[in-house]
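These notes concern the structure reproduced below.
FYI, it's all coordinate maths here, none of it is from the lab. Please read these numbers as outputs of a predicted model, since none were measured by experiment. With ideal geometry, Cβ positions are generated from the backbone for all residues, glycine too; neighbour counts draw on all protein chains shown.
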Amino acid sequence: MLIKQIQLEKGCALGLRFEMQKYPLLVIRAEKGFLMCGYLNVNAAETLGDTAAKVKGVKSFEDMLKAQVVEVTQQARELGIEPGITGREALERMF
């Protein structure tokens, strides 16, 4: 597992990378929520009351920051996070 600090404008996020068989499982955690890759389930995050946004087709933290958000929890919507913004924009709103 790789743990990396990711500096953003509004704060420092924590990136977690776990190598799977074909693609990595990636999560970037900010102060108020997290950005997840396609391996993880938004419905589960919603049920648990988490603030989460999902991007797909990513292989690195940089890919996650550039990718468009495809799905969000209600808690993320309350922070102004909507599908179509970049992962970077979503994370900045989670500080």
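Quick one: count up the residues across the range 13-65 that are closer than 16 Å to Met94 by Cβ and of a type outside the set (A, V, I, L, M, F, W, C).
10
Kindly check whether there is at least one residue in the range 59-66 that is part of a strand (DSSP E or B) and either touching a helix residue (DSSP H, G or I) at 6+ places or on another chain (Cβ under 8 Å) or surrounded by 20 or more Cβ atoms within 10 Å (Cβ to Cβ) (or both). Step through it out loud before you land on a result.
Looking only at the range 59-66, we keep the residues that are part of a strand (DSSP E or B), and these are none.
No, that holds for no residue.
Can you name the residue in the range 2-20 that is in a loop (DSSP other than H, G, I, E, B) and of a type in the set (D, E, K, R) and, of all such residues, is farthest from Lys66 (Cα to Cα)? Reasoning before the result, please.
In the first step, residues of the range 2-20 are kept if they are in a loop (DSSP other than H, G, I, E, B); the result is 8-11, 20.
Narrowing the set further to residues that are of a type in the set (D, E, K, R) leaves 9-10.
Numbers: Glu9: 15, Lys10: 17 Å.
Checking each candidate, the answer is Lys10.
I want to confirm something. Restricting to the range 1-51 and keeping residues that are among the β-branched types (Val, Ile, Thr) and exposed (fewer than 14 other Cβ atoms within 10 Å of the Cβ), which single residue is nearest to Glu78 (Cα to Cα)? Full working, then the answer.
As a first pass, look at the range 1-51 and keep what is among the β-branched types (Val, Ile, Thr): 3, 6, 27-28, 42, 47, 51.
Still in the running and exposed (fewer than 14 other Cβ atoms within 10 Å of the Cβ): 3, 47.
On the way: Ile3: 28, Thr47: 16 Å.
Among those residues, the one meeting the criterion is Thr47.
Just name the residue that is surrounded by the most Cβ atoms within 10 Å (Cβ to Cβ) out of those in the range 67-95 that are assigned to a helix (DSSP H, G or I) and of a type outside the set (Lys, Arg). Show your work before the answer.
First, pick out the residues of the range 67-95 that are assigned to a helix (DSSP H, G or I): 74-77, 87-92.
Next, only the ones that are of a type outside the set (Lys, Arg) stay: 74-76, 87, 89-92.
Numbers: Gln74: 9, Gln75: 17, Ala76: 28, Gly87: 25, Glu89: 17, Ala90: 31, Leu91: 28, Glu92: 19.
Ranking the qualifying residues of the range 67-95, first place goes to Ala90.
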